[in-house]
Amino acid sequence: MTAFTLSQILVAIAIIFDLISFQFKARERIVACLFVSGILISIHFCLLQQWTAAGLMGIATVRYLTSMFTTSKVAMWCFSSAAVAMSIVTFNGITTVISCIGTLFQTRAAFCQRDKDLRLLMIVGTSFWLVHNALVGSPVAVLMEVLFIGSNLVGFYRHYFRGQLKQLP
């Protein structure tokens, strides 16, 4: 089995965790699923030798684990600084810039106290990662981001719009 094939299989497994993550209402459960997914995605990028993305996802897994226990702005800024530092150290052109911007949005999202804010910021951050994954040539990772955004939107609808629609005359 090639490294590319294995990387795509790992991302396919990560998709499962991403899809179920935003079907939860509790932010702790959301970020727990994202933690597991992040580990798989980080290994995926290592196999593709995409070192900035692998490093950023490695930082993201620790960030998700940390954000399960705190929404501290100090922690948020520490993880944001780590992401920028990782991007500088592993700089490889436009893909580094795109993945760093996506990570900064997702870092802010992970430390939101309200799951509604978390969901909205994750959509923005994930959009940057979608472009990144297309540029580095990982088709299953592109699919993952599309499904992640879709799952997030379904969860957003279920938790915020469906109840409001029932109350309309």
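The values are calculated or read from the model by the stated rules, or taken from the named source; none is laboratory data. All values reported here derive from a predicted model rather than from experimental measurement. Methodologically, a virtual Cβ is constructed for each residue, glycine included, from the backbone with ideal geometry; neighbour enumeration extends over all protein chains shown. When the accessible area is computed, the model is the full protein with side chains, heavy atoms only, and any ligands, DNA or RNA have been set aside. Shrake-Rupley method; radii C 1.70, N 1.55, O 1.52, S 1.80 Å.
As an exercise: evaluate Ile43 against (1) free of Cβ contacts under 8 Å to residues at least 60 places away in the same chain; (2) closer than 24 Å to Asp115 by Cα; (3) buried (at least 17 other Cβ atoms within 10 Å of the Cβ); (4) β-branched (Val, Ile, Thr) and give the number of the one condition it does not meet.
(2)
In this structure, is Gly102 modelled with pLDDT of 95 or more and open to solvent by less than 20 Å² (accessible area, probe 1.4 Å)?
Answer is yes for this residue.
Among the residues of the stretch 82-99, count how many are open to solvent by 70 Å² or more (accessible area, probe 1.4 Å) and either β-branched (Val, Ile, Thr) or part of a helix (DSSP H, G or I) (or both). Can you show your working first?
Of the residues in the stretch 82-99, the ones open to solvent by 70 Å² or more (accessible area, probe 1.4 Å) are 88-89, 91-92, 94.
Retained after the next criterion (residues that are either β-branched (Val, Ile, Thr) or part of a helix (DSSP H, G or I) (or both)): 88-89, 94.
Counting residues in the stretch 82-99 that are open to solvent by 70 Å² or more (accessible area, probe 1.4 Å) and either β-branched (Val, Ile, Thr) or part of a helix (DSSP H, G or I) (or both) gives 3.
Before we move on, is Leu118 under 18 Å from Cys33 (Cα atoms) and open to solvent by 60 Å² or more (accessible area, probe 1.4 Å)? Walk me through it before giving the result.
On the way: under 18 Å from Cys33 (Cα atoms): yes; open to solvent by 60 Å² or more (accessible area, probe 1.4 Å): no.
It is false that Leu118 is under 18 Å from Cys33 (Cα atoms) and open to solvent by 60 Å² or more (accessible area, probe 1.4 Å).
Specify which of the listed residues (Ser81, Ser138) is touching a His at 6+ places or on another chain (Cβ under 8 Å) and polar (S, T, N, Q).
None of the other options fit; the residue is Ser138.
Taking the conditions exactly as written (over 16 Å from the mean Cα position of the chain (by Cα) and within 25 Å of Phe156 (Cα to Cα)), does Gln106 satisfy them or not? Talk me through it step by step, then tell me what you get.
Working: over 16 Å from the mean Cα position of the chain (by Cα): no; within 25 Å of Phe156 (Cα to Cα): yes.
Taking the combined requirement at face value, the residue does not satisfy it.
Mind checking which pairs have a first residue in the stretch 127-152 that is closer than 24 Å to Phe24 by Cβ and a second that is outside any helix (DSSP H, G or I) and among the polar types (S, T, N, Q), Cβ under 9 Å, 6 or more apart or different chains?
Hits for this filter: Met144/Ser138; Ser151/Gln23.
Based on what the data block shows, is Val31 touching a residue at least 40 places away in the same chain (Cβ under 8 Å), in a helix (DSSP H, G or I) and among the aliphatic types (A, V, I, L, M)?
Here the answer is yes, as Val31 does meet what is asked.
Could you please find all residues in the stretch 50-75 being open to solvent by 50 Å² or more (accessible area, probe 1.4 Å) and more than 19 Å from Lys25 (Cα to Cα)?
Answer for the stretch 50-75, where residues must be open to solvent by 50 Å² or more (accessible area, probe 1.4 Å) and more than 19 Å from Lys25 (Cα to Cα): Trp51, Val62, Lys73, Val74.
Pick out, from the stretch 109-168, the helices (runs of 4 or more DSSP H) lying fully within it that include 1 or more residues that are under 28 Å from Ala75 (Cβ atoms). First the steps, then the outcome.
Details: elements: 115-136, 139-156, 162-167.
The helices (runs of 4 or more DSSP H) meeting that bar are 115-136, 139-156.
Checking Lys25 against (1) open to solvent by less than 30 Å² (accessible area, probe 1.4 Å); (2) of a type in the set (D, E, K, R); (3) in a loop (DSSP other than H, G, I, E, B), which single condition isn't satisfied?
Of everything listed in (1) open to solvent by less than 30 Å² (accessible area, probe 1.4 Å); (2) of a type in the set (D, E, K, R); (3) in a loop (DSSP other than H, G, I, E, B), Lys25 misses just condition (1).
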